[in-house]
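This report refers to the structure that appears directly beneath it.
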6 protein chains.
Amino acid sequence: MVYITRKEHFNSAHRLFREEYSDEENLRIFGKCSNPLWHGHNYVLQVTVKGELSPVTGFVMDLKVLSRLIDEKVLQQLDHRNINLEVAFMKGKLASTENLAIGIWEELEPGVCSSGSILHSVRLEETENNIIEYFGNK
Amino acid sequence: MVYITRKEHFNSAHRLFREEYSDEENLRIFGKCSNPLWHGHNYVLQVTVKGELSPVTGFVMDLKVLSRLIDEKVLQQLDHRNINLEVAFMKGKLASTENLAIGIWEELEPGVCSSGSILHSVRLEETENNIIEYFGNK
Amino acid sequence: MVYITRKEHFNSAHRLFREEYSDEENLRIFGKCSNPLWHGHNYVLQVTVKGELSPVTGFVMDLKVLSRLIDEKVLQQLDHRNINLEVAFMKGKLASTENLAIGIWEELEPGVCSSGSILHSVRLEETENNIIEYFGNK
Amino acid sequence: MVYITRKEHFNSAHRLFREEYSDEENLRIFGKCSNPLWHGHNYVLQVTVKGELSPVTGFVMDLKVLSRLIDEKVLQQLDHRNINLEVAFMKGKLASTENLAIGIWEELEPGVCSSGSILHSVRLEETENNIIEYFGNK
Amino acid sequence: MVYITRKEHFNSAHRLFREEYSDEENLRIFGKCSNPLWHGHNYVLQVTVKGELSPVTGFVMDLKVLSRLIDEKVLQQLDHRNINLEVAFMKGKLASTENLAIGIWEELEPGVCSSGSILHSVRLEETENNIIEYFGNK
Amino acid sequence: MVYITRKEHFNSAHRLFREEYSDEENLRIFGKCSNPLWHGHNYVLQVTVKGELSPVTGFVMDLKVLSRLIDEKVLQQLDHRNINLEVAFMKGKLASTENLAIGIWEELEPGVCSSGSILHSVRLEETENNIIEYFGNK
């Protein structure tokens, strides 16, 4: 079993808030991250996949294939987008980095699985000091 | 003459567009950066000041003082804000990183000057691959 | 279960040595790290906490709260301090990065626990090439 | 149990290809990485070792000793070398980063073991976006 | 006048040597960098362009256009190539990072000029510790 | 004229204070950096040298030679040392990063000059946010 990781980037806008709360209540809970006029981040995404080596290629999974899968399933939905308003898999969810990491896992898992590998983790840096990691529903 | 640099960070939303153009025209010129629902960045700001060393402190300018000046004049206006809608010194300007760097220079210059030093440059990374530097009006 | 990490920094002086050994003996075992007149580092600390997501906030634990906890329990004791002479939880211990990571774990664990989350790991970089990680007493 | 990591670097040339395939077939499978005239990388290697703390030194294993072991067993074979043509432990293997990480594990494992510690992982970055990690044959 | 920088990467093989010298003589002068079986690097390229801001876009030069120019003129010749054997603009030259930076300048200068901006510098990192910068023939 | 930079690291202890002032006065001026029991840093040093290319080597100056010069003249005095107490060229000076950069320039300048090149700048990072650069006495 070998673990391979592909690192990608996307830049998005978001806001932390609950619709049923007032702006004051959201400010109390989420601080400046609840600004109603949005703010944004350069997210750094690391996707780790594990599996046996292919005897033909010496790869777990071609990292270019993994990169393309991440682009199709994740980056095209998120990059230069508003996470609260434009991302189908985040509809109705709080736009926390935790929920975003779980959502990205669910977008990627079927494609990694059908390639014959196992999705191991999704790691998401909102800033270089704030990092979320999700290992699936276990 | 010695040069000192303070590095700071802020996270903002913005959009590249001209009000007088249609969304299609803005898309043609600015690409996905013109998304009407915003996107954002973790900006990295480096402010460089030059001057003679103080014989008392061995400093050009106390970097904690420079950090406080950047916080008061720049970060409080920009961090977790919408650059197009909420930042006084960007009103009526295109929210390009170039214009942002020039605006930050103008916000900082009087304070650096009145501390007895010379503002040398404002360097702004929008992403780690896109960097703007401004050395003042010369 | 989701994992969240907060990265912090502190700058300290230390020395590797055993009081019962001569300077020569300490030099033989610890090399230049035993210099009796001290040396120091910019330590990079990463604290990882795991737990379920709060249905209210979408957070495992508010990273600002974790940051404040690290500041109160760890940074105020260590930053700009002499690890051998000034840090209560290191009294009587060798000031190795290993012991420092274990000590930081013990300072943080009660606070993380009483917030309803689980402390997963303490990762400490002494330099970018020398890294220690501790997952608790198991 | 504490985990310690030493980071090292080496610069090598390599090529991804199978001898029994034509250049066209290799190009189809491995893309530009199969260029017959080679290309190369600045590899970043992280070796993680785990164990109990020595009561004498407060170390799991002296990181200078680990660094020397990596130098003798790995860097002297790989640094400024052609991985396909000059590295004994890669003879007859595809020069994928996966195989390289497994090979480095096998070169290091006896030395770490005889020092009384346990080799935990070998992590190899081919580029900052492509990362392989191996935890041994389990 | 504002300065804009685009950062790009390429991975190549090379060798430092003079054809008219023996392998021993090359080894004496260039050390392990003269290995006849090649080695390679992940080069980091930073291209800085200066100019006035366009009143339409707020840009000195669209960084996507600069990125495309670097790709066409430089990366397609260098990435996953052997610098000594496959790069037209390095024919007959020693493959030092200095000569490579000068060669990249000459490849880029006409395109930057015809875009209405001024090429200011080419900065090339061979490793993170070895950096070359060229400001043109002045 | 081409510019070459070598990056090196050293880890030292220091304290900002004036002997003629009380601890309270030093605390008022220098803050926690005046702690009488020291603190320390992982300094990052970048030395830039400029010159014409040698027609034999294609180098301005062999970066391994520059690295050795920095090691002999600077690192051996500073690494794992107390800057206030053990570094000859800092005797009687405030241990600010500014004074340290000037001192390093003076240690290196004769050796760079006698190699036939010109010392262009000494850049010293005390932390990743606090950076000093010195271009000589002009």
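The values are calculated or read from the model by the stated rules, or taken from the named source; none is laboratory data. Quick caveat, the model's predicted, so the values are computed rather than measured. FYI the Cβ positions are ideal-geometry reconstructions off the backbone, even for glycines, and counts take in every protein chain you see. For accessibility, only protein heavy atoms count, side chains too; no ligands or nucleic acids. Shrake-Rupley method; radii C 1.70, N 1.55, O 1.52, S 1.80 Å.
Just one of (1) under 15 Å from D:Thr5 (Cβ atoms); (2) free of Cβ contacts under 8 Å to residues at least 40 places away in the same chain; (3) within 14 Å of chain E (Cβ to nearest Cβ) trips up D:Trp105, so point out which.
Only one criterion in (1) under 15 Å from D:Thr5 (Cβ atoms); (2) free of Cβ contacts under 8 Å to residues at least 40 places away in the same chain; (3) within 14 Å of chain E (Cβ to nearest Cβ) is unmet by D:Trp105, namely (3).
Quick one: is D:Phe59 more than 22 Å from A:Leu53 (Cα to Cα) and aromatic (Phe, Trp, Tyr)?
Numbers: more than 22 Å from A:Leu53 (Cα to Cα): yes; aromatic (Phe, Trp, Tyr): yes.
Yes, satisfied.
Pick from segment F:16-38 the residues that are outside any loop (DSSP other than H, G, I, E, B) and touching a Leu at 6+ places or on another chain (Cβ under 7 Å): which of them is nearest to F:Glu126 (Cα to Cα)?
Step one: filter segment F:16-38 for residues outside any loop (DSSP other than H, G, I, E, B), giving F:23-34.
With the extra rule that they be touching a Leu at 6+ places or on another chain (Cβ under 7 Å), the set shrinks to F:30, F:33-34.
Numbers: F:Phe30: 15, F:Cys33: 12, F:Ser34: 15 Å.
Checked segment F:16-38; the qualifying residue nearest to F:Glu126 (Cα to Cα) is F:Cys33.
In the set C:Arg28, C:Arg81, C:Arg68, which member is touching a His at 6+ places or on another chain (Cβ under 9 Å) and open to solvent by 50 Å² or more (accessible area, probe 1.4 Å)?
On the way: C:Arg28 fails: touching a His at 6+ places or on another chain (Cβ under 9 Å); C:Arg68 fails: touching a His at 6+ places or on another chain (Cβ under 9 Å).
Within the list C:Arg28, C:Arg81, C:Arg68, the selection yields C:Arg81.
List the number of the failed condition for D:Val60; all other conditions in (1) open to solvent by 60 Å² or more (accessible area, probe 1.4 Å); (2) within 11 Å of another protein chain (Cβ to nearest Cβ); (3) free of Cβ contacts under 8 Å to residues at least 60 places away in the same chain hold.
Answer for D:Val60: the failing condition is (1).
Name the pairs whose Cβ atoms lie under 9 Å apart, with the first residue in segment A:2-29 and over 16 Å from A:His80 (Cβ atoms), the second among the basic types (Lys, Arg) and part of a loop (DSSP other than H, G, I, E, B), and 6 or more positions between them or separate chains?
Qualifying pairs under 9 Å: A:Glu25/A:Arg18; A:Asn26/A:Arg15; A:Asn26/A:Arg18; A:Ile29/A:Arg18.
Please count how many residues of segment E:95-113 are open to solvent by 20 Å² or more (accessible area, probe 1.4 Å) and within 11 Å of the chain's Cα centre (by Cα).
The qualifying residues number 5.
Please specify each residue of segment D:40-57 satisfying the condition of being closer than 27 Å to C:Asn26 by Cβ and either of a type in the set (S, T, N, Q) or surrounded by fewer than 21 Cβ atoms within 10 Å (Cβ to Cβ) (or both).
From segment D:40-57, those closer than 27 Å to C:Asn26 by Cβ are D:47, D:49-57; that's our starting set.
Matches in segment D:40-57: D:Lys50, D:Gly51, D:Glu52, D:Leu53, D:Ser54, D:Pro55, D:Val56, D:Thr57.
With respect to D:Leu37, determine if the residue is open to solvent by 20 Å² or more (accessible area, probe 1.4 Å), of a type outside the set (Phe, Trp, Tyr), within 9 Å of chain E (Cβ to nearest Cβ) and free of Cβ contacts under 8 Å to residues at least 40 places away in the same chain. Quick ask: steps written out before the conclusion?
Working: open to solvent by 20 Å² or more (accessible area, probe 1.4 Å): yes; of a type outside the set (Phe, Trp, Tyr): yes; within 9 Å of chain E (Cβ to nearest Cβ): yes; free of Cβ contacts under 8 Å to residues at least 40 places away in the same chain: yes.
Yes: the conditions hold for D:Leu37.
Got at least one residue in segment A:92-111 being of a type in the set (Asp, Glu) and within 24 Å of B:Glu126 (Cβ to Cβ)? Can you show your working first?
Our first condition is that a residue be of a type in the set (Asp, Glu); within segment A:92-111, this holds for A:98, A:106-107, A:109.
Add one more test, that the residue is within 24 Å of B:Glu126 (Cβ to Cβ), and what stays is none.
No, segment A:92-111 has no match at all.
For segment A:11-25, what are the residues that are within 18 Å of C:Asp62 (Cα to Cα) and either under 22 Å from the mean Cα position of the chain (by Cα) or surrounded by 20 or more Cβ atoms within 10 Å (Cβ to Cβ) (or both)?
A:His14, A:Arg15, A:Leu16, A:Phe17, A:Arg18, listed by residue number.
Of the residues F:Gly92, F:Gly116, F:Gly136, only one is on the phi > 0 side of the Ramachandran plot, more than 14 Å from chain C (Cβ to nearest Cβ), without any contact (Cβ under 8 Å) to a residue 60 or more places away in the chain and open to solvent by 30 Å² or more (accessible area, probe 1.4 Å); which? Spell out how you get there, then give the answer.
Working: F:Gly116 fails: without any contact (Cβ under 8 Å) to a residue 60 or more places away in the chain; F:Gly136 fails: open to solvent by 30 Å² or more (accessible area, probe 1.4 Å).
Of the residues listed, the single one that is on the phi > 0 side of the Ramachandran plot, more than 14 Å from chain C (Cβ to nearest Cβ), without any contact (Cβ under 8 Å) to a residue 60 or more places away in the chain and open to solvent by 30 Å² or more (accessible area, probe 1.4 Å) is F:Gly92.
Quick one: how many residues across segment D:1-10 are part of a strand (DSSP E or B) and open to solvent by 50 Å² or more (accessible area, probe 1.4 Å)?
1
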